[in-house]
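First up is the structure itself, then whatever we jot down about it.
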Amino acid sequence: MLLVGLPLVIVTGLLDYAAYGPRFGQALPPDVGWLRLPLFDWPTRPAWLFRVTQGLHVALGIVLVPVVLAKLWSVIPKLFDWPPARSPAQLLERVTLLLLVGGILFQIATGVLDIQYAYLFGFDFYTAHYFGAWVFTAAFVAHVALKLPRLVSALRSGPPRGAPATDRGGPGHGRPGGPVADTRPEPPDPDGLVSARPGPATVTRRGALTLVGGLSLLLAALTIGQSIDPLRRTALLLPRGRGHGPGPNGFPVNRAAAAAGVRDADTGPDWRLTLTAGGRQVALDRAQLLGMPQHTAELPIACVEGWSTSQTWTGVRLRDLAALAGVPEPASALVRSLEKAGLFNRAVLQANQVRDPDALLALRVNGVDLSLDHGYPARVIVPALPGVHCTKWVHAIDFRPGSGG
Ligand SMILES: Nc1nc2c(c(=O)[nH]1)N[C@H]1C(S)=C(S)[C@@H](COP(=O)(O)O)O[C@H]1N2
Ligand SMILES: [Mo]
């Protein structure tokens, strides 16, 4: 499970980073030195792409926690082996184990705290989680490479030899003492993982596997609602991903207007959307925007911190606004919010994210005006765009022409 699951967590995590648009310096951390990922334009199709990558990363990361802990528990005697190394090769292996075990525990701890918005640590989450991921990934690759021969032979040899019949549900049930007393340690193995002086069994192998699998299923059941609208209230592990009351605007809010310091006065009749392109400048009020051709699309908001939801948005196409500003085919666009401080008060969109026919400056959602908390008077919503770049309370968009002019 870990051999399949952890690479999925790693790859989806790196994709989440790529989706932030590192070449605009807006991925977090912005500067990663020589650990830069290959740069590519994050696609806008399929529209649910980011919903799936971030959802898998967070959900799988949570569901694998019991498996990781069980795995560590099963090798505990080896973790504290003494003397620590008998040969240079073994020393090297143990260093990779230290990075592997330390790495996974660090990634789990920082990830789980982040999705709870519990920043108890004194460092930047994004930086720590990004570099921690590389430490863990390097150690994971080394560990799999070192253990591959053992892994293949163990998988080939079938169930552990010498395991009592009770463990496989055979005859032996009903013997005095029951299946736990009948559970025997495995015979000594070449890696010395089996204890030399094992204590009596406290649980059968089947019981241990059921416990781990059951815990994983329980975590899955308490997590899945963060991404599935009708199950939202079951997402007990992700308080921020749960619904926010009834009504057409009753879906999760990442940052409420009050928290962002956006006041009613800023969003009232004096609000204007300012479009700029080169020297040109166009200002529009909300009535003028509502007078332009309106487009409706069902699109997800997917927050990298775990939750996602799909809603029906109505507004003006970004490409129509770009044309109005005089740059029908912009190379990028800088969107700015009324929000003054905060990491997410601005976002740069790629060319494809402006030109997509469903890329909107939304004015309404589910048939009614946006609520203030969801970005009234206007917000960005673009297919497959990370939630963090769906800027709320937009007040200015600067369209940058391509190199071609
Ligand atoms: N101005 C501004 N826009 C913002 C944010 C913010 O903090 N400030 N948060 C972003 C994040 S991280 C997410 S996931 C989405 C959530 O949108 P919602 O609150 O309407 O659900 O808004 C995005 N837009
Ligand atoms: Mo988010």
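The values are calculated or read from the model by the stated rules, or taken from the named source; none is laboratory data. Treat the numbers as computed from the prediction; the structure is a model and nothing was measured. Positions of Cβ are generated from backbone atoms using ideal geometry, with glycine treated the same way; all protein chains shown enter the neighbour counts. For accessibility, only protein heavy atoms count, side chains too; no ligands or nucleic acids. Shrake-Rupley method; radii C 1.70, N 1.55, O 1.52, S 1.80 Å.
Given the options ILE76, ILE108, name the one that is hydrophobic (A, V, I, L, M, F, W, C), in the same structural domain as ALA27 (by TED's automatic domain parsing) and modelled with pLDDT of 90 or more. Outline the logic, then answer.
Numbers: ILE76 fails: modelled with pLDDT of 90 or more.
Result of the check over ILE76, ILE108: ILE108.
From the list ASP398, ASP358, exactly one residue is away from ligand 2 (no atom under 16 Å from the Cβ), touching a Ser or Thr at 6+ places or on another chain (Cβ under 9 Å), open to solvent by 10 Å² or more (accessible area, probe 1.4 Å) and not in a loop (DSSP other than H, G, I, E, B). Which is it?
ASP398
What helices (runs of 4 or more DSSP H), lying completely within the stretch 111-230, carry at least 2 residues that are open to solvent by less than 30 Å² (accessible area, probe 1.4 Å) and modelled with pLDDT of 90 or more? Before you say what the answer is, go through the steps one by one.
Working: elements: 125-156, 178-182, 205-223.
Those helices (runs of 4 or more DSSP H) span 125-156, 205-223.
Pull out all pairs, ordered by first then second residue, where Cβ-Cβ is under 7 Å, the residues are six or more apart or on different chains, the first lies in the stretch 282-308 and is assigned to a helix (DSSP H, G or I), and the second is of a type outside the set (A, V, I, L, M, F, W, C) and away from ligand 2 (no atom under 16 Å from the Cβ).
Listed by first residue and then by second, the contacts come to ARG286/PRO377.
Taking the condition within 16 Å of ligand 1 (Cβ to nearest atom), modelled with pLDDT under 95 and either of a type in the set (Lys, Arg) or at positive phi (or both), does GLY247 pass?
Working: within 16 Å of ligand 1 (Cβ to nearest atom): yes; modelled with pLDDT under 95: yes; either of a type in the set (Lys, Arg) or at positive phi (or both): yes.
So GLY247 fits the description; yes.
Of the conditions (1) within 16 Å of ligand 2 (Cβ to nearest atom); (2) closer than 21 Å to THR274 by Cα; (3) modelled with pLDDT of 95 or more, PHE344 clears all except one; give me its number.
(3)
Of the conditions (1) open to solvent by 70 Å² or more (accessible area, probe 1.4 Å); (2) of a type outside the set (Lys, Arg); (3) within 16 Å of ligand 2 (Cβ to nearest atom), PRO300 clears all except one; give me its number.
(1)
Considering the stretch 329-355 alone, what residues qualify as being open to solvent by 20 Å² or more (accessible area, probe 1.4 Å) and touching a Leu at 6+ places or on another chain (Cβ under 7 Å)?
Within the stretch 329-355, ARG346, VAL348 qualify.
Hey, can you tell me all the residues within the stretch 361-386 that are away from ligand 1 (no atom under 14 Å from the Cβ) and open to solvent by less than 10 Å² (accessible area, probe 1.4 Å)?
Answer for the stretch 361-386, where residues must be away from ligand 1 (no atom under 14 Å from the Cβ) and open to solvent by less than 10 Å² (accessible area, probe 1.4 Å): just PRO383.
Taking GLY326 as the residue in question, decide whether it is more than 16 Å from ligand 2 (Cβ to nearest atom) and either part of a helix (DSSP H, G or I) or surrounded by 15 or more Cβ atoms within 10 Å (Cβ to Cβ) (or both).
Details: more than 16 Å from ligand 2 (Cβ to nearest atom): yes; either part of a helix (DSSP H, G or I) or surrounded by 15 or more Cβ atoms within 10 Å (Cβ to Cβ) (or both): yes.
So GLY326 passes the test.
In the stretch 15-46, how many residues are open to solvent by 40 Å² or more (accessible area, probe 1.4 Å) and under 17 Å from VAL58 (Cβ atoms)? Before the answer, list the steps.
Let us first name the residues in the stretch 15-46 that are open to solvent by 40 Å² or more (accessible area, probe 1.4 Å), namely 15, 23-25, 30-31, 34, 36, 38-41, 43, 45-46.
Cutting the leftovers down to under 17 Å from VAL58 (Cβ atoms) gives us 15.
So the answer is 1.
Any residue in the stretch 260-280 that is part of a strand (DSSP E or B) and hydroxyl-bearing (Ser, Thr, Tyr)? Give the steps one after another, and end with the answer.
Of all residues in the stretch 260-280, those part of a strand (DSSP E or B) come to 273-277, 280.
Imposing the further condition that a residue be hydroxyl-bearing (Ser, Thr, Tyr) reduces the set to 274, 276.
The answer is yes; a qualifying residue exists.
From PRO252, PRO239, which residue is at pLDDT below 95, touching a His at 6+ places or on another chain (Cβ under 8 Å) and within 16 Å of ligand 2 (Cβ to nearest atom)?
Working: PRO239 fails: touching a His at 6+ places or on another chain (Cβ under 8 Å).
Of the residues listed, the single one that is at pLDDT below 95, touching a His at 6+ places or on another chain (Cβ under 8 Å) and within 16 Å of ligand 2 (Cβ to nearest atom) is PRO252.
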